[in-house]
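These notes concern the structure reproduced below.
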Amino acid sequence: MKQKIVIVSHCFLNDAAKLRNQDAADMEQERTKKRSFLRELLERGIEVIQLPCPEFILYGCSRFPVRYATFSPGSPEYAAADRHAAGGIRSLS
């Protein structure tokens, strides 16, 4: 039997990992859609794997706020964190 898996980013499942000062109504709408999406996956028997947070990988839990550009695709920091996060996923195939 083949198992279906969806891989999601850290911040997709963790609302607290988002940028500050977001509109509360927008955040609630996003949260509602996210929960609906996750329920649908689980009802269909699809497993969910959450990737680790790239900021946590690089800086740990006592980190300082980081500029968006630090984690933009193409930056060396992002590439290193991305390779680390994907390392465990590669072994699933």
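Quick look at the values:
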quantity: Selected residue (only one of G60, G45 is under 17 Å from V8 (Cα atoms), modelled with pLDDT of 70 or more, loosely packed, with under 10 Cβ neighbours inside 10 Å and of a type outside the set (A, V, I, L, M, F, W, C)); calculated: G45
quantity: Scope segment 1-25; condition open to solvent by 90 Å² or more (accessible area, probe 1.4 Å) and at pLDDT 80 or above; matching residues; calculated: K2, Q3, K4
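The values are calculated or read from the model by the stated rules, or taken from the named source; none is laboratory data. Nothing here was measured: the structure is a model prediction, and the numbers come from that model. Backbone-built Cβ (ideal geometry, glycine too); neighbour counts: all protein chains shown. Note: areas computed on protein heavy atoms with side chains; ligands, DNA, RNA excluded. Shrake-Rupley method; radii C 1.70, N 1.55, O 1.52, S 1.80 Å.
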